[in-house]
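Down below is the structure, laid out as structure tokens.
The values are calculated or read from the model by the stated rules, or taken from the named source; none is laboratory data. Quantities reported herein were computed from a predicted structural model and do not represent experimental measurements. Virtual Cβ from ideal backbone geometry, glycine too; neighbours counted across all protein chains shown.
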Amino acid sequence: MKSEQIINTVSSNNFFSKKIIKHILYWIGMVVFFGITWGTYDHDYQRSFLIQFFGLPGKIVLVYITLLFLIPKFFVTRKFTLFAIFYFLTLVLTTIIVQRPIMLYHVEPNYLPGWSSKGFFAINEIMKTALDVNNAAILPMAYIFFKFYYNSQQKTLTLEKEKLEAELNQLRNQVHPHFLFNTLNNLYSLIIQKSSNAEAAVLKLSGLMRYMLYEANVPKVPISKEIEYLKNYVDLEKLRFDDQMDISFNTETDKEYIISPFLLIPFVENAFKHGSNLQDGSWIVISIFVKKNNLIMKVENAKSPNTLQNENSEGGIGFSNVKKRLELLYKNKYTLQTEDTGLSYESILKLNLETNDN
């Protein structure tokens, strides 16, 4: 414990020492820069350096009042108007109380003998002195302002990212209970019918749950895993309908890509929900083609001509959910079209995917 305290103390001292050195170097730089700049007029660099040196007190007072009090008190708390007012007052008072006496009673008599001052409170000379004092604060304030702006931007981006992740997690969490509710209903139906497919359905459900709980607990999954998940879901539905519905599932991919998990299942669920309501002639066609980073998913199901298929109605939570997720995750990278012909309902999703580089 003591060793940790010693290390922390040493680290703190080193940090403080480095900070002091930086400040000293800054003031030396100010003297050298303006000393050389003004010294070029008459090439009397010694006098120019001395004038700049004796002009430091007012500049130091302004800079450290600004850094240690005004910025934390007003600028950081976003009271920008108050910061500007108090900075201006500090500049004026520092100029009159600190800098003007030094310049009038020491610098001018000793280093500027030919200078004819118009008096202590001469507005013109006070303004010139104030501008000279203000020059020292420009660079530190510019650095602080830039740092504040950068940190604000980073904080905003972090908050937006956290908000996005929270919203996405909320949407993803809605998928699980919705899916589980539908699947358990299907399984219950098989058990009630005392179907021999009930046992196989349990195994399929187990595989689906494994994917949901373990494999898909990441922002992106391989497209092959998502397609396999859909295939297992379709197989489970086939067991439930037991050849009473014509179900076609076709996929083709040129290579591996990554996709947000559970993004495609709502389209399939929606098709089964509405395509299984017919007494006869029920059918569903699911096609997924992925080529050159582009996914095209086409899901079509039969429907009664007198039935309105509304994907946003109760039971269509997943479909409404996926629209929000698409907008959050793939904004400007997808198109979604739906068409109701009266005898069939069709959804076409086109999505730009990332390549799986792992």
Run GLY316 past the list (1) surrounded by 15 or more Cβ atoms within 10 Å (Cβ to Cβ); (2) modelled with pLDDT of 75 or more and report the number of the one that doesn't hold. (2)
Starting from the stretch 32-60, take each residue that is assigned by TED's automatic domain parsing to the domain that holds THR129 and touching a residue at least 40 places away in the same chain (Cβ under 8 Å) and list its partners that are of a type in the set (Asp, Glu) and assigned to a helix (DSSP H, G or I), counting only C-beta distances under 7 angstrom and pairs at least six apart or across chains. GLY55/ASP132
Does the stretch 273-287 include one or more residues that are farther than 24 Å from GLY342 by Cβ, surrounded by 20 or more Cβ atoms within 10 Å (Cβ to Cβ) and in contact (Cβ under 8 Å) with a residue 24 or more places away in the chain? no
All but one of (1) surrounded by 14 or more Cβ atoms within 10 Å (Cβ to Cβ); (2) farther than 27 Å from ASP340 by Cα; (3) not assigned by TED's automatic domain parsing to the domain that holds GLY342 hold for ASN186; which doesn't? (2)
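Do we find a residue being outside any helix (DSSP H, G or I) and either in contact (Cβ under 8 Å) with a residue 12 or more places away in the chain or not assigned by TED's automatic domain parsing to the domain that holds SER282 (or both) anywhere in the stretch 224-242?
Residues of the stretch 224-242 outside any helix (DSSP H, G or I): 242.
Adding the requirement that they be either in contact (Cβ under 8 Å) with a residue 12 or more places away in the chain or not assigned by TED's automatic domain parsing to the domain that holds SER282 (or both) leaves 242.
Checking the stretch 224-242: at least one residue is outside any helix (DSSP H, G or I) and either in contact (Cβ under 8 Å) with a residue 12 or more places away in the chain or not assigned by TED's automatic domain parsing to the domain that holds SER282 (or both).
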Report, ordered by the first and then the second residue, all pairs with beta carbons closer than 9 Å, sequence separation of six or more or different chains, a first member in the stretch 134-159 that is assigned by TED's automatic domain parsing to the domain that holds ILE65 and under 17 Å from VAL63 (Cβ atoms), and a second member that is modelled with pLDDT of 85 or more and among the small types (Gly, Ala, Ser). ALA136/GLY55; ALA136/GLY58
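Here are some residues: LEU295, LEU264. Which one is crowded, with 19+ Cβ neighbours inside 10 Å, in contact with an Asp or Glu (Cβ under 7 Å, 6 or more places away or on another chain), at pLDDT 85 or above and within 17 Å of ARG325 (Cβ to Cβ)?
Working: LEU295 fails: in contact with an Asp or Glu (Cβ under 7 Å, 6 or more places away or on another chain).
None of the others qualify; the one that does is LEU264.
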Residues of the stretch 325-356 being surrounded by 17 or more Cβ atoms within 10 Å (Cβ to Cβ) and of a type in the set (Lys, Arg), which ones? ARG325
Identify the single condition in (1) surrounded by 14 or more Cβ atoms within 10 Å (Cβ to Cβ); (2) modelled with pLDDT of 70 or more that LEU168 does not satisfy, given that it satisfies every other one. (2)
When the stretch 192-249 is examined, which residues are found to be of a type in the set (Gly, Ala, Ser) and either over 16 Å from ILE265 (Cβ atoms) or surrounded by fewer than 19 Cβ atoms within 10 Å (Cβ to Cβ) (or both)? SER195, SER196, ALA198, ALA200, ALA201, SER206, GLY207, SER224, SER248
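Step by step: first the residues of the stretch 113-126, then only those that are of a type outside the set (Phe, Trp, Tyr) and surrounded by 12 or more Cβ atoms within 10 Å (Cβ to Cβ), then the one that is modelled with the highest pLDDT. Which residue is that?
Here is the first cut: in the stretch 113-126, the ones of a type outside the set (Phe, Trp, Tyr) are 113-114, 116-119, 122-126.
Narrowing the set further to residues that are surrounded by 12 or more Cβ atoms within 10 Å (Cβ to Cβ) leaves 117, 122, 125-126.
Values: SER117: 65, ALA122: 75, GLU125: 80, ILE126: 83.
Looking at the filtered set, the residue picked out is ILE126.
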